[in-house]
1. Which residues, counting only those in segment 201-244, are part of a loop (DSSP other than H, G, I, E, B), touching a helix residue (DSSP H, G or I) at 6+ places or on another chain (Cβ under 6 Å) and within 15 Å of ligand 2 (Cβ to nearest atom)?
2. Of everything in segment 160-186 that's within 16 Å of ligand 1 (Cβ to nearest atom) and buried (at least 24 other Cβ atoms within 10 Å of the Cβ), which residue is nearest to residue 317 (Cα to Cα)?
3. Which one of 64, 31 is out of contact with any helix residue (DSSP H, G or I) (no Cβ under 7 Å at 6 or more places or on another chain) and without any contact (Cβ under 8 Å) to a residue 24 or more places away in the chain?
4. Working only within segment 322-334, note down all residues that are within 20 Å of the chain's Cα centre (by Cα) and either crowded, with 21+ Cβ neighbours inside 10 Å or at pLDDT 85 or above (or both).
5. State all residues of segment 157-177 that are more than 22 Å from the chain's Cα centre (by Cα) and in contact (Cβ under 8 Å) with a residue 12 or more places away in the chain; if no residue qualifies, say none.
6. Condition first: modelled with pLDDT under 90 and either within 16 Å of ligand 1 (Cβ to nearest atom) or surrounded by 15 or more Cβ atoms within 10 Å (Cβ to Cβ) (or both). Now tell me which residues in segment 201-216 satisfy that.
7. Can you tell me which residue is nearest to ligand 2 (Cβ to nearest atom) among those in segment 187-200 that are part of a helix (DSSP H, G or I) and either buried (at least 21 other Cβ atoms within 10 Å of the Cβ) or in contact (Cβ under 8 Å) with a residue 12 or more places away in the chain (or both)?
8. Pick out the one residue from 295, 274 that is under 30 Å from residue 326 (Cβ atoms) and either assigned to a loop (DSSP other than H, G, I, E, B) or within 13 Å of ligand 2 (Cβ to nearest atom) (or both).
Ligand SMILES: [Fe+2]
Ligand SMILES: [Fe+2]
């Protein structure tokens, strides 16, 4: 593909990664330049044009520029980031970090599938970036938590676990170096699952004994793959190996108990369950956050989780993130606008309802319809509770 060849007219909605623009694309009315001529489009450019509502408009590409194979980045954005997902992450740096994290994970998955040697530098690099995002922006978890109420994508779990575990480490006062290693452990904790066929992982029904054994083996499989590489710290290895051990010895694979389980593995166990429950799965809807809290508490009362750690985690977790649309037990619908410090289950919800619009008597003008908004502070209204999460 080269500049100066024949051009072709095409609708913006039909653009594909790899096409090269023969003329710039400007915003229709204002003429503001969005993309310059000569740009080789990536999926991100295409999502960007859609954000501006451009679909049916025409643009010009160079003929023959459409044969390029999509790059790994294009593939990742195409598969995991729909335009609406990208748009809902307002922080550009977080958006970029998430894209590079997915690229690193996709690359790992490719290598495992093709049986080639693992290269860990990219994932080590992104674990550092993810940690920075969590330390610098308090809303990282909130943005992700709101997203996952409606979207589920392949690596979402590993990225969530990494972000949650870094936040958790921050609450526990751990140093930056440790937090970065924790992020890495979070990203890699389920690495062993990449060797398990998707039909088993996503199977809606009961697993056979053999399948279950294979799933359980993901802890050791991940550990084994990582232990072969130099430069993976012992703490990360232990955390990956032990993340399904339970405090009372009821976990797998080794059946370790209490302090014998590496502290990072105990942290991972908590955030792993938290994320698994609050994400929508192919076989069930996401569990409501407060039900997850109840579930985690029950597990800890039975002795399966480290109670001290769990209490720190639950004190700081944003259970209902800002912007989340919910239905209240009164039947009213609204969005979470504030969280109450110390009372994560009782946020402030702004509900809106239609007012007016009644048909008056003959001859009188119709009452105008208006939207009435009111704030419901759940901390001050203990009998009202959230019954469902709608979307963002
Ligand atoms: Fe796991
Ligand atoms: Fe996991």
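The values are calculated or read from the model by the stated rules, or taken from the named source; none is laboratory data. Just so you know, these numbers come straight off a predicted model, no measurement behind them. With ideal geometry, Cβ positions are generated from the backbone for all residues, glycine too; neighbour counts draw on all protein chains shown.
1. Pass one, segment 201-244, residues part of a loop (DSSP other than H, G, I, E, B): 202-208, 217, 228-233, 243-244.
Next cut, touching a helix residue (DSSP H, G or I) at 6+ places or on another chain (Cβ under 6 Å) only: 232-233, 243-244.
Scanning segment 201-244 gives 243, 244.
2. Result: 164.
3. Values: 64 fails: without any contact (Cβ under 8 Å) to a residue 24 or more places away in the chain.
After applying the criteria, what remains is 31.
4. First pass over segment 322-334, keeping only residues within 20 Å of the chain's Cα centre (by Cα): 322-326.
324, 326 - these are the residues of segment 322-334 that are within 20 Å of the chain's Cα centre (by Cα) and either crowded, with 21+ Cβ neighbours inside 10 Å or at pLDDT 85 or above (or both).
5. Step one: filter segment 157-177 for residues more than 22 Å from the chain's Cα centre (by Cα), giving 172-177.
Once the filter is applied, which keeps residues that are more than 22 Å from the chain's Cα centre (by Cα) and in contact (Cβ under 8 Å) with a residue 12 or more places away in the chain, segment 157-177 yields 172, 176.
6. Going through segment 201-216, the residues modelled with pLDDT under 90 turn out to be 201-207.
Answer for segment 201-216, where residues must be modelled with pLDDT under 90 and either within 16 Å of ligand 1 (Cβ to nearest atom) or surrounded by 15 or more Cβ atoms within 10 Å (Cβ to Cβ) (or both): 201, 202, 203, 207.
7. Residues of segment 187-200 that are part of a helix (DSSP H, G or I), as a first pass: 187-188, 191-195, 198-200.
Now restrict to residues that are either buried (at least 21 other Cβ atoms within 10 Å of the Cβ) or in contact (Cβ under 8 Å) with a residue 12 or more places away in the chain (or both): 187-188, 191-195, 200.
Values: 187: 11, 188: 10, 191: 10, 192: 10, 193: 8, 194: 12, 195: 15, 200: 15 Å.
Ranking the candidates gives 193 first.
8. Working: 295 fails: either assigned to a loop (DSSP other than H, G, I, E, B) or within 13 Å of ligand 2 (Cβ to nearest atom) (or both).
Matching residue, one of 295, 274: 274.
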